[in-house]
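The values are calculated or read from the model by the stated rules, or taken from the named source; none is laboratory data. Fair warning: this is a prediction, and the values are worked out from it, not measured in the lab. Counting neighbours? That spans all protein chains shown, and the Cβs are built from the backbone with ideal geometry, glycine included. With ligands, DNA and RNA removed, areas are computed over all heavy atoms of the protein, side chains included. Shrake-Rupley method; radii C 1.70, N 1.55, O 1.52, S 1.80 Å.
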Amino acid sequence: MKTVVICGPQTSSGVERVAELVRENGGNPIIVPMLSGFSAVPSAEVHIIFRKQALDLSGYTPGQAQVGIIYANNQVCDTLGASDLEKIAEANLLYLAPAENVSGWIRRTLDGDHADDEFAWNFVESEDSNVSLVPVVKPKTRLKIACYSPLGGIGKTTASVMIGKLAQESGHSVCIVESDNDNAGVLQALGAPPVTEGLGSILDEEWEQYDLFRERVQGYLQKVDDIAVLPIGADTLGMKCDEDNIANLYSWVNSQAYDTVIYDLPPQLSELSVYKTLQEVDTIILIGEPTIKAEEKLMRFITRTQNLQGLKDVAGKLKLIINKYVPTAGVKDVEIAETTGIPLIATVPADPEGYYRMINDRKLNIPAAWRDVWEILSPLDWGAKGSKAFNQAKRVKKNGFWKSLLGIK
Ligand SMILES: Nc1ncnc2c1ncn2[C@@H]1O[C@H](COP(=O)(O)OP(=O)(O)OP(=O)(O)O)[C@@H](O)[C@H]1O
Ligand SMILES: [Mg+2]
């Protein structure tokens, strides 16, 4: 049982609630009124500093404990000095939380579930030029997503690009593996010129030698607006490679430590790369449209995965998106969800003009439905998601301000 020392007024109902959360999660809470009280419990694995107690951290040393600072508003963050934070950050996890996010942090801390979480800070310049902090918790588990459909022209590439873009905007490093036979797909949608060479050009013997393979892959990797795109780029369908070689591809992708990796797949389940990628990823975005034909093809895909030993686990990873939806015509989105038994996470309206403009004017405009998709997929635990501070943090992060200020990556 982990001992959690909470520094805060014993009479505070907030502190009592935090203690209760610790107990609920199997921890042993001890409340101390002052920071100096931490030293009385040297075995504590977690320190929680409650609100005003964090106003002056100059005499505090975290030791081996993981540290959480809980604040209800920005007042505490405004007064925390960068040096105080660096001191804690060097040795420990630090979590600065508005009160409403505390339970998740306690749960994960006591589960030992975020030992590998990466923490970063965004200093946010507010209008009155005070600097406050917004926590960014990077996901421990990197997101591995496949956008798949047994149908062509249905929005797999669109989904890959929308999700990739939204992931990048929320601070993720992103790689889209364009496993589609459509050369220009992802690059074009991102406003970049197509390429003709990519993974498909890698020779058999190069696939087999990992060092050589790594070199070749680096050469094909495209970077558009901070999004890495790895194209197939061959005129033949799919990659010319066997099971071992595909494993090499995943090794390489995983070694790059992207926060989000998206595989834009071709429709053919018979392709080895499709089969293997469905196994490799954690989430499969299955895309359908509101037609009987689409519904039938989705059903056939589901049945096939159930009958294939290697794809038995796929069912639990599937999330359904109905794209090009017209509420007044065709099959209802909820009906397809019911028939297929796959959770429907979004319905994207048909908007031929909008998508035409997107492709032809090279202007990526992200419809609201895709933002909902990212909300569902994103594991980010921002302090104040959706808030003004959150949005400012993204801007500040982009400009590299917080990095230069804190000198922390
Ligand atoms: N909701 C929508 N409304 C209207 N048009 C859309 C919508 N979503 C995508 N499109 C358009 O449909 C076309 C096909 O989309 P996309 O290329 O993403 O499909 P795909 O499944 O990747 O196709 P392929 O099988 O050829 O790889 C594109 O021109 C795209 O702009
Ligand atoms: Mg495509």
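Among the protein heavy atoms of the range 143-377, carbon and sulfur supply 48% of the accessible surface, probe 1.4 Å, non-protein parts ignored. In this simple spin-label model, placing a label point 7 Å from the Cα along the Cα-to-Cβ direction at both residue 256 and residue 368 gives a separation of 3.4 nm.
Computed on the range 159-217, with alpha-carbon pairs under 8 angstrom and 6+ residues apart, the relative contact order is 21 percent. For the residue pairs 2/52; 144/297; 2/319, alpha carbon separations beyond 32 Å are given by 2/319. FRET efficiency for the residue 61 to residue 205 pair, using the beta carbon distance and R₀ = 60 Å, is estimated at 0.60.
Between residue 11 and residue 244, the modelled labels are 7.3 nm apart [label points 7 Å from Cα along Cα→Cβ].
With the simple spin-label model, which puts each label point 7 Å out from Cα in the Cβ direction, the residue 353 to residue 291 separation comes to 2.3 nm.
Would you mind checking 223/312; 165/317; 165/312 for any pair whose Cα atoms are more than 27 angstrom apart? Among 223/312; 165/317; 165/312, the Cα-Cα distance tops 27 Å for 223/312; 165/312.
Accessible surface for the range 143-377, divided over its residues, is 43 Å² per residue with a 1.4 Å probe.
Residues whose amide H falls under 5 Å from that of residue 7, counting only those 5 or more places apart or on a different chain, are 32, 48, 49, 50, with hydrogens built in the peptide plane.
Round to a whole angstrom and tell me the spacing of the C-alpha centers of the range 27-72 and the range 166-215. One Cα centre to the other: 47 Å.
Under the rule a/c < 1.5 gives rounded, and otherwise a/b versus b/c splits prolate from oblate, where does the range 143-377 land using the Cα gyration tensor? Taking the square roots of the gyration eigenvalues as a ≥ b ≥ c, the range 143-377 is oblate.
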